[in-house]
Amino acid sequence: YVAAVYEHESILSPNPTALVDRRSALKLMDRNLDIYEQQVVAASRQGAQIIVFPEDGIHGFNFTRSSIYPYLDFVLHSQSVKWNPCREPYLFNDTEVLQRLSCMALENKIFLVANLGTKQPCEHTDPHCPADGRYQFNTNVAFSDDGMLVATYRKHNLYFEYAFDTPPQPDYKLFDTPFAGKFGMFTCFDILFFEPAVNLIRQYNLKQVVYPTAWMNQLPLLSAVEFQQAFATAFNINILAANIHHPTLGMTGSGIYTPVKSFIYHNMESYGGKLIVAEIPVITKDYKTNLESNERFRENVHHSCETFTSTSMDDQVCLKEGLETPDRTSEEGNEHLPPTFYAEMMYDNFTFVPLWEEKGELQVCANTLCCYLTYQRAVLTDELYALGVFDGLHTVHGTYYVQACALVKCGGLSFGTCGQEVTDATALINFQLWGNMSTPYIFPLLLTSGITLDFADHMGWKNNHYFISKNRTSAGLLTAALYGRWYEKD
């Protein structure tokens with residue numbers, strides 16, 4: 001099918017905390033909706049059957065609870081009411097934004113997914129009802145190609161969004177299309193948590209996901225395109241991800257992802273929006289995903305030196321037990337193994353070992369997690385790389401448990417620069433990276449110079465270890481990592 005996502009540079013309110021009336025709010029939102037309309041027409045001309053717009057694209061961000069109020073549409077979060085806002089505009093008050101979106105879908109015969117702020121009155125008898133007597137939600141809406149409102153999803157994992165409420169229960173929302181079957185949807189920060197994103201995909205065996213986001217890139221492990229691709233790969237699904245475009249805020253990175261190919265846009269230099277249109281296969285066949293094939297694995301996790309190899313996964317060579325003492329001398333002579341050091345990466349205290357040689361085998365451990373690397377550089381460049389491990393609770397900008405094995409390019413030549421945000425690299429590296437992860441939820445990251453993506457040659461479980469291997473990256477390597485999320489320990 002043909003899919004489109006639009007990375008939108010939203011027109012923002014100059015003073016989002018100021019109180020304005022509904023008319024002024026609509027005036028601002030209409031300017032963004034005018035751009036949406038042009039993009040829907042353009043996508044439709046290119047044959048797109050579905051288009052996805054970003055989170056916060058219509059109203060912007062940094063509102064207070066009261067200042068966002070005039071920007072909110074009323075929407076009934078009930079599947080029982082069949083409603084076509086374009087054809088039945090007078091059914092409910094305060095639905096101007098929904099009406100415009102519905103008409104875009106109808107007039108261009110395209111499925112449309114957008115994100116807006118919504119309000120819903122509640123009774124004080126409802127224990128969750130906020131003091132002002134209304135819920136305010138960060139909401140995705142999906143319209144079918146005849147303008148029907150077919151699904152609404154209220155964001156569950158809010159990211160410092162004081163204007164919005166968390167819904168009392170997680171929404172599991174999907175909608176059906178004639179061209180690709182069922183699509184699920186969730187928003188931005190949701191992608192890092194079990195509820196509702198992972199649960200939705202697993203329960204409904206979903207193969208397509210629409211994903212509006214307003215993502216601030218954080219290198220080296222959480223840049224938007226890097227993690228979006230890793231998610232598509234881990235769950236073996238297609239993801240249509242639309243991000244907002246505000247380079248000054250570090251926000252860019254959208255794409256249409258399949259488990260084996262990505263069509264991406266990441267641009268920190270120029271302004272204006274970007275429409276991506278791509279034809280991608282419908283995933284119907286139920287591949288055994290990396291995750292499913294290893295639900296069994298969790299029952300027999302044991303942490304030990306496993307039979308692993310420096311050349312291929314098949315001629316079982318166990319990494320020498322001796323590697324476990326970091327200061328042992330290597331066989332070739334008396335050079336010591338590289339030292340371990342600590343550096344902050346993504347606000348977490350990683351334990352690192354440097355890659356000093358042209359090729360080698362390394363190991364580094366923290367808590368129960370050990371990460372192993374065999375590598376060979378094409379040419380020895382004057383860039384410092386390091387292998388890092390983190391096994392613990394991440395607590396800055398959200399609290400969640402991470403198990404990570406990461407090969408990263410450092411910001412400079414000193415140890416203290418490892419973990420810094422780096423966007424360019426020249427070293428081409430063959431590598432195999434693996435770790436004795438305690439969770440089946442592992443997102444394989446492979447980021448190359450200029451924030452471009454590469455795909456691993458092989459990855460998966462072997463002997464209770466998860467591995468990723470690549471025979472020479474397509475461009476200089478920035479990050480190769482196994483980013484594990486141990487949801488139960490959040």
query: Has region 452-464 got at least one residue that is buried (at least 21 other Cβ atoms within 10 Å of the Cβ), aliphatic (A, V, I, L, M), touching an Asp or Glu at 6+ places or on another chain (Cβ under 6 Å) and not assigned by the TED database to the domain that holds residue 224?
result: no
task: Write out, first by first residue and then by second, each pair whose Cβ atoms fall under 6 Å of each other, whose residues are 6+ apart or on separate chains, and whose first residue, in region 193-206, is part of a helix (DSSP H, G or I) while the second is open to solvent by 30 Å² or more (accessible area, probe 1.4 Å) and modelled with pLDDT of 95 or more.
output: 195/170; 196/156; 196/170; 196/172; 200/172
task: Pairs only if they're at least six apart or on different chains, beta carbon under 8 angstrom, first in region 331-360 and closer than 20 Å to residue 433 by Cβ, second in a strand (DSSP E or B) and modelled with pLDDT under 95; list them, first residue then second.
output: 337/329
- line: Here the residues within region 431-462 that are farther than 21 Å from residue 191 by Cβ and of a type in the set (A, V, I, L, M, F, W, C) are 431, 433, 434, 461
message: When you check residue 365 against the structure, is it touching a strand residue (DSSP E or B) at 6+ places or on another chain (Cβ under 7 Å) and either surrounded by fewer than 24 Cβ atoms within 10 Å (Cβ to Cβ) or assigned to a loop (DSSP other than H, G, I, E, B) (or both), yes or no?
response: yes
field: Identity of the residue in region 158-185, free of Cβ contacts under 8 Å to residues at least 40 places away in the same chain and within 17 Å of the chain's Cα centre (by Cα), that ends up farthest from residue 283 (Cα to Cα)
entry: 158
message: With the requirement that a residue be in a loop (DSSP other than H, G, I, E, B) and either in contact (Cβ under 8 Å) with a residue 40 or more places away in the chain or not polar (S, T, N, Q) (or both), what does region 392-419 give you?
response: 395, 396, 397, 398, 399, 410, 411, 412, 413, 418, 419
Set 450, 484, 476: member being in contact with a strand residue (DSSP E or B) (Cβ under 7 Å, 6 or more places away or on another chain), among the small types (Gly, Ala, Ser), within 29 Å of residue 395 (Cα to Cα) and in contact (Cβ under 8 Å) with a residue 24 or more places away in the chain: 484
field: Matching residues in region 32-44 - criterion: being over 22 Å from residue 216 (Cβ atoms) and either open to solvent by 10 Å² or more (accessible area, probe 1.4 Å) or out of contact with any Phe, Trp or Tyr (no Cβ under 8 Å at 6 or more places or on another chain) (or both)
entry: 33, 34, 37, 38, 39, 40, 41, 42, 44
- line: Flagged in region 45-70 as within 17 Å of residue 147 (Cα to Cα) and surrounded by 22 or more Cβ atoms within 10 Å (Cβ to Cβ), in numbering order, are 48, 50, 51, 52, 53
- request: Using the structure shown, decide if residue 212 is buried (at least 24 other Cβ atoms within 10 Å of the Cβ), touching a residue at least 40 places away in the same chain (Cβ under 8 Å) and under 18 Å from residue 152 (Cα atoms).
  value: yes
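The values are calculated or read from the model by the stated rules, or taken from the named source; none is laboratory data. These numbers were taken from a predicted model, which means no experiment stands behind them. Quick reminder, even Gly has a Cβ in these numbers, built from the backbone with ideal geometry, and neighbours come from all protein chains shown. What goes into the accessible areas is simple: the full protein's heavy atoms, side chains included, and nothing from ligands, DNA or RNA. Shrake-Rupley method; radii C 1.70, N 1.55, O 1.52, S 1.80 Å.
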